[in-house]
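What follows is a short report on a single structure.
Bear in mind these aren't lab numbers, they're just calculated from the coordinates by the rules spelled out. Note that the structure is predicted; figures quoted are calculated from it, not measured. As a convention, Cβ positions derive from the backbone with ideal geometry for all residues, glycine included, and neighbour counts pool all protein chains shown.
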Amino acid sequence: MSARPVWLWMLAGLIVAVLLLVAAEQYRMATVPSKPLLPVSFEHLDHKKTQCADCHHNFIDDTGGGTCYNCHKYEPEIAPDIEKMFHDFCFDCHVTTRREGEDSGPMRECAGCHKT
Amino acid sequence: MQAGRQSNVQAIKFSALLLLCLLTPLLLVSLAPAPAPIYTLWDWANVMGYMVLTLSLLLFVYRGRARSFPAFSGRFFANLHRDLGYIAMLLLTGHVAVLLWVEPLLLEHLKPSAPLHMLAGLFALLFMLMLVISSVPFLRRRLWPDYHRFRSVHALFAAVILGLTIYHVVMSGFYMNSEWKLAVLAVVGCCVAASAIRRERTVLLSGIIRIRNSAGYSHMITYCVTLLVLAASFFALLLQQAE
């Protein structure tokens with residue numbers, strides 16, 4: 001019996017990688033909503049140049065009320081993405097500010113925002 | 001005398017090629033839109049991560065069998081594959097260790113609730129550990145007495161690692177932050193896949209003969225070039241930080 005070509009095993013490897021990610025995502029979606037968040041230090045005074053509605057979008061688009069966590073932490077549909085969403089949101093703004101040559105907030109250093 | 005000179009020429013040419021392969025991705029990701037520098041050690045840890053990606057791709061090209069370039073003996077290519085694999089493992093360990101050292105909160109990204117692209121990186125590390133350990137000749141002969149079975153499992157694990165690594169790099173989005181960078185990665189990935197599928201070109205150009213007893217060049221070239229890239233990138237990041 002001839003051995004299967006190596007590329008078939010490589011293809012199988014890629015399928016294994018995809019299955020692994022799908023399984024991890026399922027598990028993650030089940031665990032993230034119940035996981036406590038790291039404490040975040042956010043100073044409104046440091047963000048005076050930013051329009052309120054840039055962050056508090058529910059003031060104008062009527063998508064919810066109360067604190068950010070009311071939806072982003074406790075709505076099952078969007079809760080699993082809370083970390084990526086908030087990180088991207090802060091990061092994009094800080095990158096833009098830094099590219100414009102102005103002082104910006106933390107870029108990627110965790111302890112810059114998460115003061116434990 | 002002639003053989004010695006030919007060996008040195010081949011070694012220099014291959015070192016230059018390896019240097020180019022390792023440096024090009026680092027230069028490409030630093031082009032516009034340039035990622036914002038954080039601090040030297042953080043960025044240096046990510047340099048190690050990018051070198052792992054490059055080496056993972058190179059390992060599919062130099063798969064342990066003789067190729068047309070360099071004109072070294074077959075044993076050189078077996079050594080080369082092993083050395084590049086060990087270096088990738090060391091760099092991956094360094095990537096994780098340095099990041100955890102400068103930013104202990106990143107431990108959160110090693111938990112099951114971490115973002116998927118970080119879990120992909122963690123899985124890639126675990127698979128690479130299994131791959132490297134199970135490939136140590138002493139263990140390999142016990143685990144897989146049949147070489148073909150070993151080769152199949154090795155290829156499967158390697159593809160899992162490459163897939164997870166690319167997902168980790170792309171979805172992290174720190175450096176792969178534009179469409180043209182993603183396009184370059186896709187083209188390189190397709191070229192490597194094509195190279196992995198087709199049979200190696202082992203025929204040398206006319207007039208060139210394989211240099212015997214050249215296996216030892218592998219260690220010298222791979223480790224020296226890696227150290228050179230690590231040192232150069234560290235000083236480049238220091239200079240960037242100073243500006």
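Values as computed for the structure displayed
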{"item": "0 to 90° range, to nearest 10: angle between helix A:82-99 axis and chain A longest Cα axis", "result": "60"}
{"item": "Peptide-level mean, for B:28-35, of C-beta atoms on other protein chains within 10 Å", "result": "1"}
{"item": "Nearest-0.05 FRET efficiency for A:Leu37 and B:Ile12, computed from C-beta distance (R0 56 Å)", "result": "0.55"}
{"item": "Listed residues A:His72, A:His47, A:His87, most fluctuating in chain A (Gaussian network, C-alpha, under 10 Å)", "result": "A:His47"}
{"item": "Label-to-label distance, nm, for residues given as A:Phe86 and B:Tyr39 (7 Å Cα→Cβ offset)", "result": "2.3"}
{"item": "Added length on full extension, which subtracts the Cα-Cα distance from 0.36 nm per residue, B:Leu228 to B:Gln241", "result": "2.7 nm"}
{"item": "Span from the the range B:1-63 Cα centroid across to the the range B:119-190 one, whole angstrom", "result": "17"}
{"item": "Sites matching trypsin sites (Lys or Arg not before Pro) across the range B:9-116 that sit in DSSP coil, with at most 15 neighbouring C-beta atoms within 10 Å", "result": "B:Arg65"}
{"item": "More than 17 Å apart - percent of Cα-Cα pairs taken over chain A", "result": "69"}
{"item": "FRET E, pair A:Cys93, B:Asn213, Förster distance 56 Å, beta-carbon r, rounded to 0.05", "result": "0.40"}
{"item": "Integer Hz, Karplus 6.51/-1.76/1.60 couplings in order for the range B:56-69, x for Gly and Pro", "result": "4, 5, 5, 5, 7, 7, 9, 8, x, 9, 4, 10, 6, 9"}
{"item": "Distance in nm between pseudo-label sites at B:Val188 and A:Glu25 (7 Å out along the Cβ direction from Cα)", "result": "2.5"}
{"item": "Max mean-square fluctuation residue, GNM over chain B, Cα-Cα springs under 10 Å, options B:Ser73, B:Ser152, B:Ser233", "result": "B:Ser152"}
{"item": "The protein assembly as shown - mean residue ellipticity at 222 nm from DSSP helices (-39,500 (n - 2.57) per run, n ≥ 4, rounded to 500)", "result": "-22000 deg cm²/dmol"}
{"item": "The protein assembly as shown, Cα convex hull volume normalised per residue, Å³", "result": "171"}
{"item": "Hypothetical label at B:Arg199: residues of the range B:25-68 whose amide nitrogen lies under 16 Å (7 Å Cα-Cβ projection)", "result": "B:65-68"}
{"item": "Reference-scaled alpha-carbon Rg (2.2 N^0.38 Å with N residues) for chain B", "result": "1.06"}
{"item": "Under-5 Å amide H pairs with B:Phe72, H placed in peptide plane, nonlocal only", "result": "B:Ile211"}
{"item": "Shielding of B:108-115 by partner chains, average beta-carbon count, 10 Å", "result": "5"}
{"item": "In nm, spacing of pseudo-spin labels at B:Phe69 and A:Ala111 (7 Å Cα→C-beta vector)", "result": "4.7"}
{"item": "Shielding score for B:154-165, defined as the mean number of other chain Cβ atoms within 10 Å", "result": "6"}
{"item": "Nearest-0.05 FRET efficiency for B:Glu108 and B:Leu139, computed from C-beta distance (R0 25 Å)", "result": "0.15"}
